[in-house]
There are 2 protein chains.
Amino acid sequence: MTQLKNDSLIRALLRQPTTRTPVWMMRQAGRYLPEYRALRASAGDFMSLCSNPQLACEVTLQPLERFDLDAAILFSDILTIPDAMGLGLYFAEGEGPKFRKPLRTAKDVEALPVIDTSRDLNYVTDAVALIRRELNGRVPLIGFAGSPWTLATYMIEGQSSRDFARSKSWLYQKPELLHLLLEKLALSTIDYLNAQITNGAQVVQIFDTWGGALSGPAYREFSLAYMQKIVAGLITERDGLEIPVILFTKGGGAWLEDIADTRCHALGLDWTVDIGEARRRVGHRVALQGNMDPAVLRAGRGAIEAEVERILTSFGAGNGHVFNLGHGITPDVDPANAGIFIDAVHRYSLRD
Amino acid sequence: MTQLKNDSLIRALLRQPTTRTPVWMMRQAGRYLPEYRALRASAGDFMSLCSNPQLACEVTLQPLERFDLDAAILFSDILTIPDAMGLGLYFAEGEGPKFRKPLRTAKDVEALPVIDTSRDLNYVTDAVALIRRELNGRVPLIGFAGSPWTLATYMIEGQSSRDFARSKSWLYQKPELLHLLLEKLALSTIDYLNAQITNGAQVVQIFDTWGGALSGPAYREFSLAYMQKIVAGLITERDGLEIPVILFTKGGGAWLEDIADTRCHALGLDWTVDIGEARRRVGHRVALQGNMDPAVLRAGRGAIEAEVERILTSFGAGNGHVFNLGHGITPDVDPANAGIFIDAVHRYSLRD
């Protein structure tokens, strides 16, 4: 394998020294980029991009052509696994993801297969292999998956939800059924992420977008326990290099110690958490990734630079910080502002 | 004034002993009750109920006829103040609140009046006076208002929002303009809550529904500072009795110490916070109100009783707990489950 030319992401995730703080952005390949919108318009819908390795590779690399990013992240969606399980993912314009066959009964859950990535999701692993080849060691490639709880909410609700009425009803009324579902999702995700690692992903992130909607005990039992299971099931190194694992629970600021206890390498933080305070709580055990409010990218240079500086100062000196947004970049952001953000991180964090 | 027959809410908010933990529910007068839906169907829309003191009184008292609640809360809406400022509040069916004239420019903000409750919102104070009379000392009456930041988001967005694109653009790009708006809202809210107190509200709560969408520094500057200003401007006692103030920032678990520093009497907690942990952090200074996930009310008796017991146990022995949900009760809840919840709180918390 080609040697990494820029390994600052990996080094920061392993809490090793870097000359400057590495930075990438959740959803960095996406709708805020005109070149993405152009490609998507010609490809048709979102899933046509995800399921075509050449197009997924092209989209993944687009932001790296514009910005001095320290990582590439596979262009895909967390809902590929439920789709491969047979739920029929589609995207209704302006409404987000939906399933044609959401889970309704115990029979639906019992009938669900654990996925075999090499058979069911090879379009993803093909994309990973192709992107890794095309990157040619420029920056590391991040693979990812959704957390079992987050996937379960979409599978039970059939779509995005504000209050998780059905999935929380399962949680409180049919916990065994929800556990069966989460178990199948965890096993599928271990297979899926290991296949991404085998095909070239050098870091993996688990997106627990909806863990923060739970109470503490429910979070630990229904979300964190399954992420822990995944962490324990992952390939730990490849070509002699450790594969860092990042866990990101949006709204999970109350449970950082518990998340760090999974033996993941890094915690993703949303912007409601003070990164310095988070570091005092868990920083000796894990790296921290985050955490600027993506809304700041809608403002101008002054606000962006001030926020970057504030967050770097809050983290303080020392290793183990990967700069990122606290959630995905939004479609209305001017790409020039993303560039200002990335440059500010590099400039303000440069060590002598 | 009639002596309070059940003063356990007031006592708990002042951290005095009670024989059992008092309980009420956010949105306890609302759509989950068939008698509410019937009255609303005959009255027309939501604002017709709010703006008619007789109807607002009737709706406020409905849940007390069914359940052994320890408080009544004024039936109204947090957006009465922006409506009185001239923004034209209306409710589009199934879409939530909207404004006909959302704020767009600096001129719009400069032209906004600070409201005079006795002139602009006497339908609210008339309702408060009527409810207090009808309650006849049965339980205390809670008055309320929205936090300035929460009101500002609706006024700038024109409606509910998921990411607060416009209001956060103001925050980061035009902070002085946002401060001017927040200042006018804080002054209006002081007048509004003091008028509620003068007319009979025995407790007041400020609902900061969207403070949790901010970073720590932005929360302190744009939300908490104005709630602090309101707390400092409120009438502190009436008829020789202290008026407790409850501050509730949904998603504000990271900032409990800061909220307690405002010298409010109690903190409202959503369900993502462990109430025992919260008490260890701030319990010696303030009472705590919360914090069951309202989704548990969709489950059955077993789940409801288990959650009530867990939360009571987490709070532990001693004074200063008002039981509540971590957010409003949802319209799909079976009223029988609300009854199970309230009875469980009383039964499990009964002291010998």
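Readers should treat all values here as calculations from the given coordinates under stated rules, not as data from a laboratory. Keep in mind that this is a model prediction, so the values were computed, not measured. Quick reminder, even Gly has a Cβ in these numbers, built from the backbone with ideal geometry, and neighbours come from all protein chains shown.
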Relative to the longest principal axis of chain B, what angle (0 to 90°, nearest 10) does the C-alpha long axis of helix B:148-157 take?
50
Want the number for residue B:2 to residue B:317: 0.36 nm per residue separation, take away the alpha-carbon distance, what's left?
110.3 nm
Computed over the protein assembly as shown, the distribution of all Cα-Cα distances in 10 Å bins, rounded to whole %, is 3, 15, 24, 26, 19, 11, 3, 0, 0
Sort B:113-126, A:333-346 by the packing proxy (mean of other Cβ within 10 Å over each peptide's residues), most packed first.
A:333-346, B:113-126
Here FRET efficiency (C-beta to C-beta, residue A:41 to residue B:35, R₀ 41 Å, nearest 0.05) is 0.20
Percent antiparallel among DSSP beta bridges confined to chain A, nearest 5, equals 25
Angle check, please: helix B:122-135 long axis (alpha carbons) against the longest principal axis of chain B (alpha carbons), in degrees 0 to 90, nearest 10.
10
Computed [θ] at 222 nm, helices only, for chain A once each DSSP H run of length n ≥ 4 contributes -39500 (n - 2.57)
-13000 deg cm²/dmol
For a 25 Å ceiling on Cα separation, which of these pairs sit above it: B:101/B:229; A:174/A:229; B:184/B:250; B:98/B:229?
B:101/B:229; B:98/B:229
Averaged across orientations, what area in nm² does the convex hull of the alpha carbons in the stretch B:150-200 project?
4.0
Set the Förster distance to 35 Å, then compute FRET efficiency between residue A:235 and residue A:258 from the Cβ-Cβ distance, nearest 0.05.
0.90
Roughly how many Å is it from the Cα centre of the stretch A:243-293 to that of the stretch A:49-111, as a whole number?
25
At q = 0.14, 0.16, 0.20, 0.21 Å⁻¹, what log₁₀ I(q)/I(0) does a Debye calculation on the Cα points of the stretch A:140-290 give, no solvent, two decimals?
-0.65, -0.84, -1.23, -1.32
Other protein chain Cβ atoms within 10 Å, averaged over every residue that makes up B:172-178
3
Among A:159, B:339, A:86, flag the residue with its Cα farthest along the positive direction of the charge dipole of the protein assembly as shown, charges on Cβ as +1 for Lys/Arg and -1 for Asp/Glu.
B:339
Pairwise over distinct Cα atoms, reciprocal of the mean inverse distance: report the Kirkwood radius of the stretch A:146-232 in Å, one decimal place.
13.2
Can you list, shortest first and in nm, the gaps between the label point of residue B:217 and those of its counterparts in the other copies, using a point 7 Å from Cα in the C-beta direction?
3.9
At residue A:90, label 7 Å along Cα→Cβ: distances to the other copies, nm, ascending?
3.4
Putting +1 on Lys and Arg Cβ atoms and -1 on Asp and Glu Cβ atoms, find which of A:199, A:210, A:291 reaches farthest to the positive end of the dipole of the stretch A:177-306.
A:291
Shortest first and in nm, the label-point separations between residue A:34 and its counterparts in the other identical copies (7 Å out along Cα→Cβ) come to 6.0
Over chain B, what number does the Rg to Rh ratio reach, with both radii from the alpha-carbon atoms and Rh per Kirkwood?
0.94
Pairing the Cα long axis of helix A:34-43 with the longest principal axis of chain A, what angle in degrees results, from 0 to 90 and rounded to the nearest 10?
30
